[in-house]
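The values are calculated or read from the model by the stated rules, or taken from the named source; none is laboratory data. What you see is a predicted model, and the numbers here were worked out from it, not measured in a lab. Positions of Cβ are backbone-derived with ideal geometry, glycine not excepted, and every protein chain shown enters the neighbour counts.
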Amino acid sequence: MIAAIALGWPTVVAWADVLLLRDYNTRVVVLGATLLGMGAGVVGSFTLLRKRALIGDALSHATLPGIAAAFLIGSSLWGDGKSLPLLLAGGAISGVLGVGAILLIRRYTRLGEDAALGIVLSVFFGAGVALLGVTQQVGGNAAGLESFIYGKTASMLSSDAWLIAIASAACVAISLLLFKELALLCFDAGFATSRGYPVGWLDTVLMGMVVVITIVGLQAVGLILMIALLVIPPAAARFWTENLGDMTRIAALLGGCSAFVGAILSASYPKLPSGATIVLVASALFVLSALLGMKRGVVLRFMRRRSFLREIEMEHLLRSVFEVVENRENEAASVQRLMTLRSWSPAQLRSVIRRAQRAELVRPDSREAVRLTARGAVEAKRLTRQHRLWELYLITHAEVAPSKVDRGADAIEHVLDPETIHELELLLDESAAAAPPASPHVIGGPTP
Amino acid sequence: MNKDPTRSLTARADDPSVPLSIHDLTVAYHRKPVIWDVGFDATPGQLIGVIGPNGAGKSTLLKAILGLTPRASGRVRVFGKRYQENRGRVGYVPQRESVDWDFPIDALDVVTMGLYREIGWMKRPSAEHRRRAMSALERVGMADLASRQISQLSGGQQQRTFLARALVQDADLYFMDEPFAAVDASTEAAIVELLRDMRAQGKTALVVHHDLQTAAEYFDSVLLLNMRVVAYGPVAEVFTPANLQKTYGGRLTLLDEATEAMRRRERAL
């Protein structure tokens with residue numbers, strides 16, 4: 001409640017105004033921010049893949065001295081320094097100078113890119129903060145300049161929002177037109193050069209779009225957090241797809257959503273910086289994507305891994321049963337005997353037996369023993385053969401000691417593809433129809 | 001009549017039937033290996049192995065020819081013209097490690113990149129372009145892996161994808177940077193077969209290679225390189241123990257020492 005008061009809790013009517021986008025100004029500002037998020041998602045996808053994502057951060061921090069200087073110049077020349085085009089032009093100039101400084105440091109010193117980035121980012125930002133202090137001293141109406149640092153959609157005019165909307169749309173259009181060329185640049189710049197593409201120019205176009213997005217985004221997101229819109233949506237999108245086109249579309253969607261929600265929140269709570277709300281929404285989407293992403297999400301990978309491990313367990317069970325009954329027709333394998341063959345816990349063994357029963361690969365024989373079904377026997381025979389072929393290969397061709405060979409074979413045999421098996425057969429002179437060769441080592445622990 | 005030795009060289013260089021003519025090529029840049037005064041004329045329709053120890057400048061030579069690395073001096077002619085004027089006849093297969101294979105793209109799209117110049121700026125590949133990319137993948141035995149994301153391919157399959165990207169251009173002169181590095185036996189055999197196919201069609205290939213065991217079997221000519229050209233010519237004449245000793249043996253030759261001194265001096269500045 002206290003926090004709500006501190007933030008200036010909006011009335012129900014105010015809320016409704018914002019949510020229904022009743023107010024023209026709010027409507028345009030939210031639209032502008034949304035387009036900005038989409039544009040940043042698309043452009044950010046390419047910079048992320050070009051491995052230049054952090055340059056955007058240095059760039060946005062380096063705009064501050066330019067903004068403050070432009071304000072000072074404007075104030076002394078015309079008495080009013082708060083003309084947006086002037087401030088943004090100042091920011092753009094010092095931002096580009098910052099990027100230029102990074103390139104110069106990299107070229108003429110033996111410092112790495114990370115050091116160059118750190119130096120430029122902090123020095124320019126420091127200069128900006130100092131200049132901002134000067135603007136407060138000089139007087140003039142410097143209030144509001146700090147909204148460039150943290151972002152404030154609430155203070156944006158509809159004309160500002162139109163600028164954002166047009167600039168973002170232009171960046172998206174350029175990215176679409178040059179999609180193929182930018183993809184080639186990001187994947188293999190060397191090949192692009194050899195084919196005669198002006199790689200330097202393509203890089204300049206890409207950096208130019210980053211500059212434009214960053215500059216027009218300063219008011220809405222703020223220079224400290226601008227990098228988040230360029231990096232988080234593309235990085236989140238990567239969890240959902242293995243296709244560059246889809247990645248840019250999803251990044252645009254996630255960026256647009258983050259900016260939309262963030263801008264609305266900030267428009268309703270004038271004291272809540274929009275940069276922060278946009279980043280928080282974006283990072284929530286990122287966490288969701290990282291967990292649930294359909295291509296590389298953590299949950300998906302966990303499930304895949306678990307199902308792979310279970311498959312291996314099942315194969316171990318079938319082979320163990322096969323090896324127990326191998327030379328003693330019609331005998332079932334007792335659970336007790338199976339326990340000695342591998343290092344599985346009783347619970348693990350029971351669970352894998354249950355799953356094998358459900359898959360109708362084994363059936364219970366007596367109370368404490370299992371027997372292979374017809375289908376299970378075929379599968380077990382195939383697996384055992386595969387395992388022993390690999391063991392024989394390791395012993396005869398890779399000079400692995402017979403006593404060590406079982407564990408080595410275990411690791412690999414589950415991923416052998418039919419081609420490799422065929423090669424093994426040729427190598428070991430085994431015909432494909434043959435029964436498994438005899439095990440090259442003593443099987444399992446002592447027979448109870 | 002012709003006393004100026006460079007005139008005859010120029011005549012060879014401008015001959016449009018010579019796939020590649022290099023004269024006096026020097027690349028010098030700090031920290032990385034340099035090549036000095038490299039010159040040779042490639043014989044048309046041959047597989048030429050570029051052989052030398054690590055750091056001999058094999059990749060640098062390729063990159064300098066293709067304009068990926070600035071050259072300090074030297075002249076390169078491709079079928080009698082500057083490389084920039086004859087790009088369409090040249091295919092390039094970079095080292096596999098030169099790109100990030102985690103890129104969100106599938107094998108077919110990588111191969112289609114070989115056609116981007118032909119497709120033109122701002123245009124999308126047509127069905128016909130895709131079909132050609134697909135048949136290039138077929139030629140390297142990867143038709144069934146066309147839609148697989150490239151990080152899911154084995155090293156050998158990635159190398160084949162790169163080869164297909166160069167093949168789809170249907171160039172006359174190919175540069176390949178270590179195509180046999182870390183590939184499985186079946187990929188190596190497939191690449192060799194492909195190279196012989198290309199030779200049968202009259203194409204020329206300059207292939208950086210590191211395996212001395214197979215070099216004589218795979219190539220018609222070899223360029224033995226260790227910062228400068230140790231020897232160049234048909235395998236039977238050039239691939240001799242004495243030349244190999246000169247290429248690989250005695251690591252610290254005067255040239256190495258001078259280069260090392262130069263680098264130390266640069267660092268001290």
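Within region B:40-77, the set of residues being within 22 Å of B:Ala236 (Cα to Cα) and out of contact with any helix residue (DSSP H, G or I) (no Cβ under 8 Å at 6 or more places or on another chain) comprises B:Phe40, B:Ala42, B:Thr43, B:Pro44, B:Ile48, B:Lys58.
Counting only residues that are under 16 Å from A:Ser147 (Cα atoms) and either in a helix (DSSP H, G or I) or among the charged types (D, E, K, R) (or both), region A:269-294 holds 7 of them. If the condition is being among the aliphatic types (A, V, I, L, M) and either within 14 Å of chain B (Cβ to nearest Cβ) or buried (at least 20 other Cβ atoms within 10 Å of the Cβ) (or both), then region A:237-269 contributes A:Ala237, A:Leu244, A:Met247, A:Ile250, A:Ala251, A:Ala252, A:Leu254, A:Ala259, A:Val261, A:Ala263, A:Ile264, A:Ala267. Name the residues in region B:59-77 that are among the β-branched types (Val, Ile, Thr), closer than 16 Å to B:Ala42 by Cα and within 12 Å of chain A (Cβ to nearest Cβ), would you? Once the filter is applied, which keeps residues that are among the β-branched types (Val, Ile, Thr), closer than 16 Å to B:Ala42 by Cα and within 12 Å of chain A (Cβ to nearest Cβ), region B:59-77 yields only B:Ile65.
Could you please let me know if A:Leu230 is of a type outside the set (Phe, Trp, Tyr), crowded, with 24+ Cβ neighbours inside 10 Å, in contact (Cβ under 8 Å) with a residue 40 or more places away in the chain and within 14 Å of another protein chain (Cβ to nearest Cβ)?
Working: of a type outside the set (Phe, Trp, Tyr): yes; crowded, with 24+ Cβ neighbours inside 10 Å: yes; in contact (Cβ under 8 Å) with a residue 40 or more places away in the chain: yes; within 14 Å of another protein chain (Cβ to nearest Cβ): no.
Here the answer is no, as A:Leu230 does not meet what is asked.
Inspect region A:302-310 for any residue being of a type in the set (S, T, N, Q), more than 29 Å from A:Ala154 (Cα to Cα) and surrounded by fewer than 21 Cβ atoms within 10 Å (Cβ to Cβ) and give the result as yes or no. There is at least one residue in region A:302-310 that is of a type in the set (S, T, N, Q), more than 29 Å from A:Ala154 (Cα to Cα) and surrounded by fewer than 21 Cβ atoms within 10 Å (Cβ to Cβ). In region B:105-116, the residues that are in contact (Cβ under 8 Å) with a residue 40 or more places away in the chain and more than 8 Å from chain A (Cβ to nearest Cβ) reach residues that are part of a helix (DSSP H, G or I) and β-branched (Val, Ile, Thr) with C-beta atoms within less than 7 angstrom, at least six apart or across chains, in these pairs: B:Ala107/B:Ile150; B:Ala107/B:Thr161; B:Val111/B:Thr161. With respect to (1) outside any loop (DSSP other than H, G, I, E, B); (2) within 13 Å of another protein chain (Cβ to nearest Cβ), the lone exception for B:Gly49 is condition (2).
Among the residues of region A:79-110, those that are under 17 Å from A:Gly144 (Cβ atoms) and surrounded by fewer than 20 Cβ atoms within 10 Å (Cβ to Cβ) comprise A:Gly79, A:Asp80, A:Lys82, A:Ser83, A:Leu84, A:Pro85, A:Leu86. Among the residues of region A:180-205, those identified as facing chain B (nearest Cβ under 8 Å) and either among the hydrophobic types (A, V, I, L, M, F, W, C) or touching a residue at least 60 places away in the same chain (Cβ under 8 Å) (or both) are A:Ala183, A:Leu184, A:Cys186, A:Phe187, A:Phe191. Only one of the numbered conditions (1) touching a Pro at 6+ places or on another chain (Cβ under 8 Å); (2) within 12 Å of chain A (Cβ to nearest Cβ); (3) buried (at least 21 other Cβ atoms within 10 Å of the Cβ) is not met by B:Gln149, and that is (3). Do we find that B:Arg96 is surrounded by 14 or more Cβ atoms within 10 Å (Cβ to Cβ), in contact (Cβ under 8 Å) with a residue 60 or more places away in the chain and out of contact with any strand residue (DSSP E or B) (no Cβ under 6 Å at 6 or more places or on another chain) in this structure? So B:Arg96 passes the test.
Conditions tested, residue by residue: (1) in contact with a His (Cβ under 8 Å, 6 or more places away or on another chain); (2) in contact (Cβ under 8 Å) with a residue 24 or more places away in the chain.
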| site | (1), (2) |
| --- | --- |
| A:Pro270 | no, yes |
| A:Leu291 | no, no |
| A:Glu315 | yes, yes |
| A:Thr340 | no, yes |
| A:Arg371 | no, yes |
| A:Glu379 | no, yes |
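In region A:46-67, what count of residues is obtained for those that are assigned to a helix (DSSP H, G or I), of a type outside the set (Gly, Ala, Ser) and closer than 18 Å to A:Val199 by Cα?
First, pick out the residues of region A:46-67 that are assigned to a helix (DSSP H, G or I): A:46-49, A:53-61, A:63-67.
Imposing the further condition that a residue be of a type outside the set (Gly, Ala, Ser) reduces the set to A:46-49, A:54-55, A:57, A:59, A:61, A:63-65, A:67.
After this cut, where a residue has to be closer than 18 Å to A:Val199 by Cα as well, the list is A:46-49, A:55.
The qualifying residues number 5.
Please specify each residue of region B:53-93 satisfying the condition of being within 13 Å of B:Leu206 (Cβ to Cβ) and not hydroxyl-bearing (Ser, Thr, Tyr). Hits for region B:53-93 are B:Lys58, B:Leu61, B:Leu62, B:Lys63, B:Ala64, B:Ile65, B:Leu66, B:Val76, B:Val78, B:Val90, B:Gly91, B:Val93. Across region B:171-196, the qualifying residues are those that are of a type in the set (Asp, Glu) and touching a residue at least 40 places away in the same chain (Cβ under 8 Å), and the one among them that is farthest from B:Pro94 (Cα to Cα) is B:Asp172.
Residue by residue, here is whether (1) closer than 25 Å to A:Pro198 by Cβ; (2) among the hydroxyl-bearing types (Ser, Thr, Tyr); (3) modelled with pLDDT of 95 or more holds:
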site: A:Arg107; (1), (2), (3): yes, no, no
site: A:Val123; (1), (2), (3): no, no, yes
site: A:Asn141; (1), (2), (3): no, no, no
site: A:Leu145; (1), (2), (3): no, no, no
site: A:Ser175; (1), (2), (3): yes, yes, yes
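Mind checking which residues of region B:47-58 are under 13 Å from the mean Cα position of the chain (by Cα) and on the phi < 0 side of the Ramachandran plot?
As a first pass, look at region B:47-58 and keep what is under 13 Å from the mean Cα position of the chain (by Cα): B:47-51, B:57-58.
Within region B:47-58, B:Leu47, B:Ile48, B:Gly49, B:Val50, B:Ile51, B:Lys58 meet the criteria.
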